[in-house]
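A quick write-up on the structure given underneath.
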Amino acid sequence: MGYDPKNPMKDRITDIGPRSYEEFMPPVIKKNFGKWLYHEILEPGVLMHKAESGDEVYTVRVGAARLMSIELIRDALKIADKHCDGCLRWTTRNNIEFMVDNKSKLEPLKADLKANPMFPIGGTGAGVTNIVHTQGWVHCHTPAIDASGIVKSVMDDLFKHFQSMDLPAQVRIALACCLNMCGAVHCSDIAILGFHRKPPFVQHEVISQICELPLAIAACPTGAIKPATVDGKKSVSVNGERCMFCGNCYTMCPAMPLMDAEGDCVVIMMGGKISNRISAPKFSKVVIPALPSNPPRWPEVVAAVRNILETYAKNANKYERIGEWAERIGWERVFEKCNIPFNVKTIDDYTLAYNTLRTTTQFKFS
């Protein structure tokens with residue numbers, strides 16, 4: 001149909017904006033949208049969802065990676081075409097969920113998934129969920145560490161906890177490759193954070209030619225960057241005492257790099273969560289300020305995460321998240337049990353936040 005100025009929206013075909021999400025729903029999901037009663041975990045990675053209409057949906061969750069090959073995606077689609085009417089879902093934690101609307105279809109689906117070692121079933125209940133993480137060296141321009149490489153190393157080590165439910169409660173692990181934290185490490189049970197420890201250095205000879213200096217100055221959240229003249233050329237100066245190593249200036253100005261192989265490190269945080277179950281949401285707290293970023297397998301980071309997880313699994317009560325366990329026994333004892341050097345400055349970051357920020361959706365009425 002040609003364009004009709006008297007009826008401009010008629011038969012309009014456009015690529016502006018996303019298509020309606022309802023177009024991508026499996027029929028049983030669309031039919032019962034907003035009318036689901038409950039779900040049960042039948043076994044690690046397998047859930048049954050019950051609707052008000054009596055319909056049931058069985059989901060099988062498999063761990064995947066943030067970066068996948070075309071061949072692996074095609075393998076997933078073949079299984080979805082065979083068992084799930086062509087529908088499947090990618091979760092925010094990089095899992096793939098296959099859904100069937102009848103219990104009789106469940107075992108054949110699981111058999112095909114188990115036949116491919118690239119589709120491990122798990123990541124539900126009281127186990128380790130797949131790690132949510134940022135871009136790392138593959139794409140991001142300000143990372144202090146890699147993301148996918150560390151996640152692969154950690155998950156290889158914790159794989160048995162992904163395919164089982166042998167922990168006191170679920171353990172969510174996150175990784176952000178710089179302190180701008182698009183990996184949500186501030187609210188995860190165990191968090192891995194890349195950290196720059198040196199301010200950016202300024203390439204005075206080229207900065208005025210390739211950068212808009214006002215943008216670089218305005219990008220600094222602490223006001224550490226000021227205009228300066230060096231050898232008669234317009235440039236900037238950096239107050240190292242005020243720099244928080246976020247890399248925002250490098251985002252605006254490539255003549256202010258701050259990557260440093262010796263200075264960049266890995267920070268371990270723990271005790272955060274976003275759930276309101278049992279206790280209020282909590283911020284993660286720094287417990288290990290600096291570990292070496294040591295590719296390709298990051299043995300120091302892997303050992304630290306395993307140590308925290310195994311100590312928690314051995315000492316926490318059933319249903320108790322890592323932060324709840326730490327608050328019950330006291331953070332000092334957590335450091336003792338995990339054999340981590342204690343420094344009160346590393347866990348006291350958010351004391352004042354409770355007076356100024358809402359960290360929970362729980363309300364009290366008086």
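Suppose we filter region 264-279 for residues that are in contact with a strand residue (DSSP E or B) (Cβ under 9 Å, 6 or more places away or on another chain), surrounded by fewer than 20 Cβ atoms within 10 Å (Cβ to Cβ) and either free of Cβ contacts under 8 Å to residues at least 60 places away in the same chain or among the small types (Gly, Ala, Ser) (or both); how many remain? Qualifying residue count for the region: 1. Return a yes/no flag: does region 288-296 have any residue that is open to solvent by 40 Å² or more (accessible area, probe 1.4 Å), touching a residue at least 24 places away in the same chain (Cβ under 8 Å), in a loop (DSSP other than H, G, I, E, B) and aliphatic (A, V, I, L, M). No, region 288-296 has no match at all. Taking the criterion of being assigned to a helix (DSSP H, G or I) and either over 16 Å from Ser235 (Cβ atoms) or among the hydrophobic types (A, V, I, L, M, F, W, C) (or both), the residues of region 207-223 that qualify are Ile207, Ile210, Leu213, Leu215, Ala216, Ile217, Ala218, Ala219.
Annotation: Ser284 fulfils all but one of (1) polar (S, T, N, Q); (2) buried (at least 20 other Cβ atoms within 10 Å of the Cβ); (3) touching a Lys or Arg at 6+ places or on another chain (Cβ under 8 Å); the unmet one is (3).
So which strands (runs of 3 or more DSSP E) are wholly in region 31-70 and hold at least 1 residues that are surrounded by fewer than 16 Cβ atoms within 10 Å (Cβ to Cβ) and in contact with a Ser or Thr (Cβ under 6 Å, 6 or more places away or on another chain)?
Numbers: elements: 36-43, 46-51, 56-63.
Answer list for region 31-70: 36-43.
Residue count for region 51-93 under the criterion of being at pLDDT below 95 and among the aliphatic types (A, V, I, L, M): the result is 5.
For region 72-97, the set of residues classified as closer than 28 Å to Arg172 by Cβ, touching a residue at least 40 places away in the same chain (Cβ under 8 Å) and open to solvent by 70 Å² or more (accessible area, probe 1.4 Å) consists of Thr92 only. In the set Tyr3, Tyr21, only one residue is among the aromatic types (Phe, Trp, Tyr) and under 33 Å from the mean Cα position of the chain (by Cα); that residue is Tyr21.
Selection of first residues in region 196-224 that are more than 11 Å from Pro254 (Cα to Cα) and touching a residue at least 24 places away in the same chain (Cβ under 8 Å) and of second residues that are aliphatic (A, V, I, L, M) and surrounded by fewer than 15 Cβ atoms within 10 Å (Cβ to Cβ), restricted to Cβ pairs under 6 Å at least 6 apart or on distinct chains, gives the following pairs, ordered by first then second residue: His204/Val230.
The values are calculated or read from the model by the stated rules, or taken from the named source; none is laboratory data. Please read all numbers here as calculations on a predicted model, not as lab measurements. Ideal geometry is used to build each Cβ from the backbone, glycine not excepted, and the neighbour counts take in all protein chains shown. Heavy atoms of the whole protein, side chains included, go into the accessibility calculation; ligands, DNA and RNA do not. Shrake-Rupley method; radii C 1.70, N 1.55, O 1.52, S 1.80 Å.
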